[in-house]
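Note sheet for the following structure.
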Amino acid sequence: MIAHAFFFYFFSLIAIISAIMVIVSRNTVHAVFFLILDFISIACLFIMIGAEFLGMMMLIVYVGAVAVLFLFVVMLMNVTEQKLSWFRGSKKSGHIPTGLVIGSVILLELVVIVGGWKYRDTFSETKFLSFDENFTNTHLIGNVMYTEYIHLFQISGIILLLSMVGAIVLTYRKREGVKKQSYFKQVAREREDSVELVDVEFEKGIKIDD
Amino acid sequence: MPFLKFLIPELLLSISTFALLLIGVFIKNSFEIVYRLSIILIMLILLIILTSDIENTKIFNDSFTIDNFSIYSKILILLSSFFILLISKQYISDTKNNKFEYPIIILLSVLGMFIMVSSNDLILFYLGLELQSLGLYVLASIDRDNIKSSEAGLKYFILSALASGLLLYGCSLLYGFSGSTNFEEISRNTGNFNIGTIFGMVFVLVGLAFKVSAVPFHMWTPDVYQGAPTSVTAFFSVVPKVAGIVVLIKFMYLPFRGILDQWQYILVFMSIASMILGSVAAMAQTNIKRLMAYSSIGHIGYAIAGIAAGTENGFQSTIVYISIYIAMNLGAFGCIFLMRRGGKYIEEIEELSGSSKNHPLMSLSLLIILFSLAGIPPLAGFFAKFYIFMAVIESEMYTLAIIGLVSTVLSAFYYIRIVKVMYFDSPKKPFEKFKNLKIYGSILISCVFLVSFFLYPSIFNQIISNIVVN
């Protein structure tokens, strides 16, 4: 019980602190780092209550998505100037120290959760989700997702469709004068369509249209 | 699957919307055909709902209800979006917003509202809410070359996402403290005073108040109404309000029925604040769309007053109010769509000056609509307010009733100011002549409804007395 409480408060504290840091940090890159830390801490909390599927999805989806977001941030911002300036140069950059701090916290969390595996028996006593031990989380979620919650599942699909349509409406612009390749036209083209045989009179030449 | 027959409107709406999307993708310049087909589709679903016999049922583990209340609100939503689509077509074509996705987004939004008004479960309700507001975000910024429209979309998106976050937090608290997402289960498990439930209720209320733009969560309304294209503003000011108010009634009278004394004062405050702000802030407006925004805030205040009464009469009067409000707003926006000069649509109130000389019929109908919005007897708007105040006085909330009456008088000022501009100021250049029977027809229907309502004011009572929540 004490071990459980200890891990719970440990991860929750990190989650809350990093959530606050996401908002207060002025540097976008730092905010992204803290966002990753936040997601990992929450994933650990999920794993603690026995919802390992949710925790892993959290890691894969959110941390994966955040990595993409991070790429965008790096792409859109001018970070080349700040590169390596922590080690040399007058302008100091906070990227590397922040990254180091967050990286070490994540490492610590990993150590804690792996080390905490020893206390699994105490966890299962205080587990909050009640389900059949013989089935895995994934199996159980799959069982209800397509039966009890089928309507919710379908509506989520419609929401995704609408967001796709919306993104296209707001960003797609038809450009004038763009040449497109049309395979059908290319393949269907006959020799007669494009080649014309002309008898050229001596010393006069011919005039070609266009 | 016998329950599928209860889902016919929703299924038909979603599947035909996908079909329309395919038509739009594969046929070039398909705005016209998709738009027409959407109007026909809405009519068709309306007919199906009207002809089907109502059975009170709950399907999908009691998470989806079909009863008089949900059917009536679906009819309201369909009717209002039908008229909105009719009157706004010319505007959409004139302002070059004729993308075929426009009606499709509206249809998907309507689907979201259907789910909202039928939901009996927190998850289903939230999904419906997201579906409808996602459509609204896109609609607000659909005129993407116009910086004001983009601003409106962005503002609405960010603020609404924040409100959704608060609402979700409230939902999670409710689930945590009651152990269920089902509305009836929640009301069963939260009968007594429970601090967690009250926190959840407050957060849910904040989210809902944002969606119906009640004070103090109204800040986005004027900017979004002004920035968005007028066709979208017309949609915003009518259809989502119906769904929002219906869901508000559902929440207050189903899961939160046991804690009535907790939410009553919050709603009374929101109602008073909305009524006063709606009438005071509208006085200084020069843009008619902004004025309509403040006017809608004020009207939502009256509608919430009915809910705050906490009785069956209370929410029934709110339903009557919102039905009449739709008719008035449709007419008002029909008139706004007629304000076009030199191919450009005009939004300034002073441009209306002296329009009674050049456009006597349009000015007369706008006069009727404005008087009705102000609540002057014997027009329908008077009866709407009358029922609300009756219900409020029955529950002995005299302060609310008195403040409501005072703010009615205040709000009459700015409605009548427009009438004064139209009838007593020197005429300006006439507007362009329109040959659009759809707009004229809609204004006519609205005016006839508003004028003749006093002949048979109990018309709604028979329908609405069948509506009970739970």
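The values are calculated or read from the model by the stated rules, or taken from the named source; none is laboratory data. Please read all numbers here as calculations on a predicted model, not as lab measurements. Because the Cβ atoms are built from the backbone with ideal geometry, glycine has one as well, and the counts that use them run over all protein chains shown.
Of all residues in region B:130-175, those satisfying the criterion of being touching a residue at least 60 places away in the same chain (Cβ under 8 Å) and of a type in the set (D, E, K, R) are B:Asp143, B:Lys148, B:Glu151, B:Lys155. Hey, which of the helices (runs of 4 or more DSSP H) in region B:302-375, taking only ones fully inside, have at least 1 residues that are touching a Phe, Trp or Tyr at 6+ places or on another chain (Cβ under 6 Å) and either without any contact (Cβ under 8 Å) to a residue 60 or more places away in the chain or among the aliphatic types (A, V, I, L, M) (or both)? Helices (runs of 4 or more DSSP H) meeting the threshold: B:312-337, B:360-374.
Within the option set A:Glu133, A:Glu109, A:Glu125, A:Glu81, being among the charged types (D, E, K, R) and at pLDDT 75 or above holds for one residue only, A:Glu109. Against the definition (more than 14 Å from chain B (Cβ to nearest Cβ), within 28 Å of the chain's Cα centre (by Cα) and part of a helix (DSSP H, G or I)), how does A:Gly142 come out, yes or no? Taking the combined requirement at face value, the residue satisfies it.
Would it be correct to say that B:Lys429 is buried (at least 19 other Cβ atoms within 10 Å of the Cβ), of a type in the set (Lys, Arg) and farther than 16 Å from B:Ala332 by Cα?
No.
So, B:Gln264, is that one closer than 22 Å to B:Asn313 by Cα and not basic (Lys, Arg) or not?
So B:Gln264 passes the test.
Among the residues making up region A:145-171, those that are within 25 Å of the chain's Cα centre (by Cα), facing chain B (nearest Cβ under 7 Å) and not polar (S, T, N, Q) are A:Leu152, A:Ile155, A:Ile158, A:Ile159, A:Leu162, A:Val165, A:Gly166, A:Val169, A:Leu170. Just to be sure, is B:Phe69 touching a Leu at 6+ places or on another chain (Cβ under 6 Å), away from chain A (no Cβ under 11 Å), part of a helix (DSSP H, G or I) and not acidic (Asp, Glu)? So B:Phe69 does not fit the description; no. The set of residues from region B:1-24 being modelled with pLDDT under 90, assigned to a helix (DSSP H, G or I) and within 14 Å of chain A (Cβ to nearest Cβ) comprises B:Phe3, B:Leu4, B:Phe6, B:Leu7. With respect to the stated conditions, A:Gly166 is in contact with a Leu (Cβ under 7 Å, 6 or more places away or on another chain), among the small types (Gly, Ala, Ser) and closer than 15 Å to B:Gly135 by Cα.
Across region B:72-114, the number of residues qualifying as within 14 Å of chain A (Cβ to nearest Cβ) and within 22 Å of B:Tyr325 (Cα to Cα) comes to 8.
Yes/no matrix, rows are residues, columns are (1) closer than 19 Å to B:Leu12 by Cα; (2) of a type in the set (Val, Ile, Thr):
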site: B:Tyr72; (1), (2): yes, no
site: B:Phe83; (1), (2): no, no
site: B:Leu86; (1), (2): no, no
site: B:Ile104; (1), (2): yes, yes
site: B:Val110; (1), (2): yes, yes
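Looking at B:Ile15, B:Ile66, B:Ile45, B:Ile40 in this structure, which one is surrounded by fewer than 16 Cβ atoms within 10 Å (Cβ to Cβ) and under 30 Å from B:Ile464 (Cα atoms)?
B:Ile40
Name the single residue that is nearest to the other protein chains (Cβ to nearest Cβ) among those in region B:50-63 being surrounded by fewer than 17 Cβ atoms within 10 Å (Cβ to Cβ) and either closer than 26 Å to B:Leu20 by Cα or among the small types (Gly, Ala, Ser) (or both). Of everything passing the filter in region B:50-63, B:Ser52 is nearest to the other protein chains (Cβ to nearest Cβ).
Of the residues in region A:159-206, how many are in a loop (DSSP other than H, G, I, E, B) and among the hydroxyl-bearing types (Ser, Thr, Tyr)? Looking only at that region, the number is 2. For region A:29-56, a residue qualifies if it is farther than 16 Å from A:Val101 by Cα and touching a residue at least 40 places away in the same chain (Cβ under 8 Å), and the qualifying residues are A:Cys44, A:Ile47, A:Met48, A:Ile49, A:Gly50, A:Ala51, A:Glu52, A:Phe53, A:Leu54.
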